[in-house]
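Visitor: One structure is given below, represented as C-alpha cells, and several questions about it will come after.
FYI, it's all coordinate maths here, none of it is from the lab. Small disclaimer: the values here were computed from a predicted structure and weren't measured. Ideal geometry is used to build each Cβ from the backbone, glycine not excepted, and the neighbour counts take in all protein chains shown.
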Amino acid sequence: MQDNVINFYRVSEVPYGVFSNFPFRPIVLGGEVWNSSEIYFQAKKFEGTEHEQIVRAAETSQMAADMGRERSRPLRADWNDEKDMASLPDHATLSVAWAKHVGRPMLVKDYIMLLAVRAKFTQHEDLKQLLISTAESLLVEHTKNDSYWADGGDGTGVNMLGKILMIVRDEINCAAN
C-alpha cells in the first residue's frame, strides 16, 4: 500500500475535486470547444452520429453523463476495443507510462479519456500546477459508484481515471525536463 494517496470524487472537494471530469473547465479538442472533459468523453461515445452533438450541447456535465449512459443511444462499435497504441504519434513515451500505471492494453474508451484529461490539465495552468503538486502520490477516484473509472469505494475497482491522471502528470513532468 502506498503512503501518499490522494482521494477525490466530488467537485466540491477542495482542492482535488477538480480532478473529477465534472467541473466546467472548457477544453479544445478537434478544433472544437467542449465545456468539460466529461461532456467530451460522453459525446465521443456516439462519435459521428447526431447523438454526439446532442450530448455536446448538454447544459451540465451530469446531464451529459446521464445521456451517455442511456442505452437507447447507439454506442460506437469500437468503444471497448483495444486501441492500437503503435498508431499514436506519441506511442513510444505513452507506452512506457501506460505500462507503468496500467499494465494492460489500452481500450478506445481509455484513449478518449486520456485525450480529455490531457487537454484539461495542459490547457489550464492552475490545474496543471495542482496536478504537478501531487508529486508521486497515488491518485484515486474514490467512490462505490464506479468500479472502472474509480476504485469501487473499497479499492477493488480499476481506478482508470486516477491512473490516467498519473500518466498525464508523468507526461507534463517529462515535457518540463
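Visitor: In a shell of Cβ-Cβ distance under 13 Å around ILE132, excluding ILE132 itself, what net charge do Lys and Arg (+1) and Asp and Glu (-1) give?
Guide: Cβ neighbours under 13 Å give a net charge of -3.
Visitor: For the pair SER147 and SER72, what calculated FRET efficiency results from E = 1/(1 + (r/R0)^6), where r is the Cβ-Cβ distance and R0 = 35 Å, to the nearest 0.05?
Guide: Here the calculated transfer efficiency is 0.90.
Visitor: So what is the 222 nm mean residue ellipticity for the chain from helices alone, if each DSSP H run of at least 4 adds -39500 (n - 2.57) and you divide by all residues, rounding to the nearest 500 deg cm²/dmol?
Guide: After summing the helix terms and dividing by the residues of the chain, the value is -12500 deg cm²/dmol.
Visitor: Can you count the Lys pairs in the chain whose Cα atoms are under 18 Å apart, with each pair 8 or more apart or on different chains?
Guide: Close lysine pairs found across the chain: 15.
Visitor: Would you order ILE6, ILE132, ILE164 from fewest to most other beta-carbon atoms within 10 Å of each residue's own beta-carbon?
Guide: With the fewest neighbours first, ILE6, ILE132, ILE164 line up as ILE132, ILE6, ILE164.
Visitor: Order the peptides 76-89, 107-120, 135-148 from the highest to the lowest mean number of other Cβ atoms within 10 Å of their residues.
Guide: Order by mean packing, descending: 107-120, 135-148, 76-89.
Visitor: For LEU138, what residues show an amide H to amide H distance below 5 Å, using hydrogens built from the backbone and excluding near sequence neighbours?
Guide: Correct list: ASN4, VAL5, ILE6.
Visitor: According to the Cα gyration tensor, what semi-axes, each the square root of 5 times an eigenvalue, does the equivalent ellipsoid of the stretch 7-176 have, listed from largest to smallest in whole Å?
Guide: Listed largest to smallest, the semi-axes of the stretch 7-176 are 23, 19, 17 Å.
Visitor: What is the packing order of peptides 90-103, 31-44, taking the mean over residues of other C-beta atoms within 10 Å and listing the highest first?
Guide: 31-44, 90-103
Visitor: While we're here: In whole angstrom, how far apart do the alpha carbon centroids of the stretch 2-50 and the stretch 100-157 sit?
Guide: 10
Visitor: A follow-up question, please. Test of understanding: what is the full-extension gain from SER95 to ASN4, defined as 0.36 nm times their sequence separation minus their Cα-Cα distance?
Guide: Additional length available on full extension: 30.3 nm.
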